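Notes follow the structure.
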Amino acid sequence: MEIEVAIADLTEEQKAKFGDYIEFWNAATDTFYEEANPAGVDAAQITEALRVTFQGWYNSEEDDFEGRTCFTRSLTESDTPVPFSKKDKQVCGFLYLRSLRTGSRALSLERGSLLDIILRLKVVRPQMWEDTITTLADYSVASDPDLGISGVLESINTALKKYVPKEWGIEPHLKVSNLTREHLRKVITAFIATGEGSHAAPFYRQGTGTINMLVLAMLSQIAEDKQNVIFAMEEPETAIPPYAQKRIVHEIRKLASQTIFTSHSPYVLEEFALDETVVLGRDDKGVLAKRAIALPDSVKPKRYRQEFRTRFCEGLLARRILVAQGATEAAAFPVVCRRLSELKPDTYSSLEALGICTIDAGSQNSIPDMAKLYGELGKRVFAICDKQDAANKALIEAQVELLLMHDEKGFEDLVLKNTTEEALKRFAKLVDWPPHLAAKYPDVEASASDALRDYFGWRKANWGIADFLAQCSEAEIPAWLREACIAVKDNCAPAPAAAVGGAPVEPGAGADAAN
């Protein structure tokens, strides 16, 4: 593997540092100036630039991957490649942070820690080393007789005098020895108060969120002192509350001319406009690709922002999407799959285990557009809905891999007509009936089907029918729902189908009809 990088707009410090490897960049053509005309570099569009090359390869003897970064000119003009060192990278503004390692070292004085970098950028040479070593050299450890150590040392001293002249061993005592700056760098760290009290704990003992926030605060110090800095930090929102995540986004965007965030947090993602957001994902062959978000005509930007957390964000982060016709289907179908997977895990699987995110389309007419939105982002898209007319059914099938469509006019009808009377009566006993339905149906067990129809209508989109399905046995769950669960599992478990547009699952057709 070989990657070549060009670094343009060099500062005076960089020009002086890398003078032997400077080349010239033509900003008008975005190419290096290579003409045999030295006077041409005086043109306004020609500026100094630096070219570096990363080389990576597999070492079969060591069974490991190796890599190096070198000045590109040294690869052709020198006998041996000249490495582009870590210090060189920092001069060019690159500072890669691994949060756990950096967090545990950030406020120590080890070489390369954030505190060490800040001190060097501010040209501060700590004068503490000599003073600390001198102070510790004069300190006797455990000299207090109450500790019991001094008595032992005195008895050793008495025994020693029996065998050697007294000037050979004079009063053994404990002291800190062999201290160097490197020892101090490793053991000295900052202590931070852990609340409103005065108790302080070592920096590395703090929580992950506290460490991340302190690391970001120190990064801002580095960026303010050295403007050409590029930071790479993985998921800075980890273990940080939502309000702090938003503050991080705004503070870093104010601090830097360009920022790149990779995040799974809806509180971070919603702070960026559509044209500032791309979705990254790998295809079945492992190729990484980015896709811009293009809203369909039926989804206005205002609706996208208002419903981002509840409807859109989870879909952007998932690989498989189930677009449900409404809130009832969106709430009930995942519950059915989860319940069946608990009863017969070898036959069924929950949607969560399959990596499927359920999205409420809001209406049957919105299903095609919502499915198209996620399909264009490289997601595998399924849909579940009531019986549709031929035109809308065709629109949905054109955008989804699998269409789960039953023959009833509503999800409530599907359940009430295809479950058992025993299940209805059992659930009727469990329901906390609202006054108006309790008055209408004084004996709910005798009229369980009609009473629950009104109850499900009253609690529509409020988990009423989902609660019913969650307490059913396998036999009490309608056959169409059982077959739909199997169809979804079969479509996710094997290799993904290449074609788009699957046949709908008809009641009683069996799992094979879904493929």
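Please treat every number below as a calculation from the coordinates, not as lab data. These numbers come from a predicted model, not from an experiment. All Cβ positions, even for glycine, are placed from backbone atoms using ideal geometry, and neighbour counts span all protein chains on display.
Numbers for the structure displayed
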quantity: Spatial separation of Cα centroids for segment 265-334 and segment 364-386, in angstrom; calculated: 11
quantity: Computed FRET value (nearest 0.05) for S220 with T262, which takes r as the C-beta separation and R₀ as 22 Å; calculated: 0.70
quantity: Farthest positive-ward along segment 2-92 dipole, Cα basis, beta-carbon charges - from G67, L10, P81; calculated: L10
quantity: Computed E for K86/E342 - FRET, C-beta separation, R0 30 angstrom, nearest 0.05; calculated: 0.05
quantity: Violating pairs (Cα-Cα greater than 24 angstrom) within the set K300/K372; K246/K302; K387/K489; K409/K460; K393/K425; K302/K372; calculated: K393/K425
quantity: Sequence ranges 445-457, 350-362, 481-493, ranked by mean other-Cβ count within 10 angstrom, highest first; calculated: 481-493, 350-362, 445-457
quantity: Cβ-derived FRET efficiency at R0 56 Å, R247 paired with S140, nearest 0.05; calculated: 0.70
quantity: Cβ crowding within 10 Å averaged over residues, with 82-94, 405-417 ranked highest first; calculated: 405-417, 82-94
quantity: Extension gain, V278 back to A439 (0.36 nm per residue minus Cα-Cα distance, nm); calculated: 52.5 nm
quantity: Ranked packing of 276-285, 395-404, 338-347, most packed first, by mean Cβ within 10 Å; calculated: 395-404, 338-347, 276-285
